[in-house]
Amino acid sequence: MKKKWALLVAASMILSTLLTGCGSGEEVKLPETDGEQTTQSTESEVSTSQMGEETTLVFWSIGLKLKDDSGIKMPEELAANRYIAKFEEDHPGVKVEVIDQPVDGIHDLFKAANVSEEGPDVIGLWSGTATNEYQDYLLALDEYMTEDEMNMYTGINLCKKDFKEDGEIIALPYNVTTYNIFYNKEYFDKAGIVELPTTFEGLLAVCEQLKAADIQPFLIGDSSGESTTWVTSEFMIDQVGTEKIVDFGTQALPFSCEEYKKSLETWCGLFGQDYTNKDFATLSAWDSIQRFVTGEGAMNINGSWAIGEMEPIMGENLGTFKIPAISGDAPYADYIVSQPGANVSVTTYSDNKELAVEFIKYMTSAEFEGEAHLDTGDLPANNQVDVSIITNPISQTAYSWVKENKAGIGYDSVISVEAANELYKLAPTMISGKLTPDELMQKLGSIQ
């Protein structure tokens, strides 16, 4: 959300405190490593070693797992911390100062930092507009990458300026996500459901079968518009395709377009038929996971990030399928929404650009993303990852969708932050029948 210039300048004055790990950001202490050091050094390594000085890369991080809230793994066991420490080991005289920034506060802090150009060398951000709005302050990486490296990442277009095929790369992705419908196999068997639905009409038929078997079809959590956004993003891709979706919310594809109206109206058709839990508009997507895994509802709408929460509890009883197409005759009915969830960039004002670029390549390498998958369950964006490391059957299924290379961007990643926030706020009201799709479209159009 836009802040007044005076607020940005004032906020920039506190950056020196933040960069030391005080205030909102938390400096992460990295473990020492005892692995073998590499014998070759880059020019920057040689210069720092010869001078006896330490070069510091300041890294503001979101999107990496730097601590395990469950307490199962110690910080030094997590891939992110191990690889940061290994980078320092491989680059004598270099220290990476990691500040794990709060998700809710990092944007205001980064805006302020950009005013004074006293921000980090490296920054992790959520992918999409949350990164693209800072494109003037993020280093174009193309000249630092080989052609093979540019083609190494799934969903790289979301990390380019304005999401265009020919746009400059301004970030490298940590991971890639899918939108999923998860289902309880036992309930499907009890209702006699043999074929998984591929269209929304087929999904409604499945709901009828489950309802007839006295099984609640869906457990939905949409208090922040999550399910609405995921499903209607799929419907929009089905109709307009992967290239045109990046224009959504502009004159080329306005919120008032017929495709969006059809998407919203079709989605609203699920409600009011006793197919869902009564509290769908007040329950969060995260809390819906907790109730779904205990047997409430036959289906749940979420994403690949939820697999690690569901599978350990449900085991072989958990299944998944793609969000069905809006209709079988939609031009892109066989496409899905799949995109990076978080990415990492170098700032234009970093004093150590080449070293910083080397660092973000390190932290998005096939080796790192493969090991990070074991910590988080996130699907790797680097397509050079050894896929044998993905052993969870549900993750394997989701990753197979990604490898089909028929995927587009969720529209909330390309519209303005203000419009996206309004969508998240109003979606529960719409599916509750208190706001029409036309009224929602008008409100979004007044913002963009």
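The values are calculated or read from the model by the stated rules, or taken from the named source; none is laboratory data. From a predicted model like this one, the values you see are computed outputs, not experimental measurements. No Cβ is skipped: glycine too gets one built from the backbone with ideal geometry, and neighbour counts run over all protein chains shown.
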Inset, instruction - Find the helices (runs of 4 or more DSSP H) located wholly in the range 50-155 whose residues include 3 or more that are acidic (Asp, Glu) and in contact (Cβ under 8 Å) with a residue 24 or more places away in the chain, and list them. - result: 79-90
Legend entry - the range 384-395, subset surrounded by fewer than 18 Cβ atoms within 10 Å (Cβ to Cβ) and of a type in the set (Ser, Thr, Tyr), residue nearest to LYS73 (Cα to Cα): THR391
Inset, instruction - Could you tell me whether any residue of the range 439-448 is without any contact (Cβ under 8 Å) to a residue 24 or more places away in the chain, part of a helix (DSSP H, G or I) and in contact with a helix residue (DSSP H, G or I) (Cβ under 7 Å, 6 or more places away or on another chain)? - result: yes
Inset, instruction - Take LYS425 and decide whether it is surrounded by fewer than 19 Cβ atoms within 10 Å (Cβ to Cβ), in a helix (DSSP H, G or I) and touching a Gly at 6+ places or on another chain (Cβ under 8 Å). - result: yes
Legend entry - Hey, SER61 within 18 Å of the chain's Cα centre (by Cα) and not assigned by TED's automatic domain parsing to the domain that holds GLY308 or not: yes
Inset, instruction - Please specify each residue of the range 311-324 satisfying the condition of being touching a strand residue (DSSP E or B) at 6+ places or on another chain (Cβ under 8 Å) and modelled with pLDDT of 95 or more. - result: MET314, ASN317, LEU318, GLY319, THR320, PHE321, LYS322, ILE323, PRO324
Legend entry - Residue, farthest from ILE409 (Cα to Cα), within the range 207-227, restricted to residues that are assigned to a helix (DSSP H, G or I) and in contact (Cβ under 8 Å) with a residue 40 or more places away in the chain: LYS211
Legend entry - Residues (closer than 29 Å to LEU264 by Cβ, touching a Phe, Trp or Tyr at 6+ places or on another chain (Cβ under 9 Å) and not in a loop (DSSP other than H, G, I, E, B)) located in the range 315-342: GLY319, THR320, PHE321, LYS322, ALA325, ILE336, VAL337, SER338, ALA342
Legend entry - Residue that is farthest from LYS211 (Cα to Cα) [pool: residues in the range 246-285 that are small (Gly, Ala, Ser) and surrounded by fewer than 16 Cβ atoms within 10 Å (Cβ to Cβ)]: ALA252
Legend entry - Selection status of ALA191, modelled with pLDDT of 95 or more and of a type in the set (A, V, I, L, M): yes
Inset, instruction - Run TRP230 past the list (1) in contact (Cβ under 8 Å) with a residue 24 or more places away in the chain; (2) outside the structural domain of ALA298 (by TED's automatic domain parsing); (3) more than 21 Å from VAL344 (Cβ to Cβ) and report the number of the one that doesn't hold. - result: (2)
Inset, instruction - Check the range 349-358 and report whether any residue there is surrounded by 24 or more Cβ atoms within 10 Å (Cβ to Cβ) and not in a helix (DSSP H, G or I). - result: no
Inset, instruction - Check the range 298-308 and report whether any residue there is among the aromatic types (Phe, Trp, Tyr) and under 23 Å from VAL176 (Cα atoms). - result: yes
Inset, instruction - Can you tell me which residue within the range 174-202, out of those that are touching a strand residue (DSSP E or B) at 6+ places or on another chain (Cβ under 8 Å) and aliphatic (A, V, I, L, M), is nearest to THR429 (Cα to Cα)? - result: ILE181
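Yes/no matrix, rows are residues, columns are (1) over 20 Å from the mean Cα position of the chain (by Cα); (2) β-branched (Val, Ile, Thr):
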residue: GLN101; (1), (2): no, no
residue: THR131; (1), (2): no, yes
residue: TYR144; (1), (2): yes, no
residue: GLU186; (1), (2): yes, no
Inset, instruction - Hey, can you tell me all the residues within the range 286-309 that are in a helix (DSSP H, G or I) and buried (at least 22 other Cβ atoms within 10 Å of the Cβ)? - result: SER288, PHE292, SER304, ALA306, ILE307
Inset, instruction - Working only within the range 224-259, note down all residues that are touching a strand residue (DSSP E or B) at 6+ places or on another chain (Cβ under 7 Å) and β-branched (Val, Ile, Thr). - result: VAL231, ILE237, VAL240, THR242, ILE245
Inset, instruction - Filter the range 45-62 down to residues that are modelled with pLDDT of 85 or more and surrounded by 13 or more Cβ atoms within 10 Å (Cβ to Cβ) and give me whichever is farthest from GLY370 (Cα to Cα). - result: THR55
Legend entry - Lone qualifier among ALA381, ALA398, ALA366 - being touching a strand residue (DSSP E or B) at 6+ places or on another chain (Cβ under 7 Å) and either modelled with pLDDT under 95 or surrounded by fewer than 17 Cβ atoms within 10 Å (Cβ to Cβ) (or both): ALA366
Legend entry - Selection within the range 393-426 - in contact with a Lys or Arg (Cβ under 7 Å, 6 or more places away or on another chain) and under 26 Å from PHE280 (Cα atoms): GLU422, LEU426
Inset, instruction - Please work out which one of (1) within 24 Å of VAL293 (Cα to Cα); (2) of a type outside the set (D, E, K, R); (3) surrounded by 20 or more Cβ atoms within 10 Å (Cβ to Cβ) is the condition ILE193 fails and give its number. - result: (3)
Inset, instruction - Taking the residues in the range 157-174 that are without any contact (Cβ under 8 Å) to a residue 40 or more places away in the chain and under 19 Å from LYS406 (Cα atoms) as candidates, determine which candidate is surrounded by the most Cβ atoms within 10 Å (Cβ to Cβ). - result: LYS160
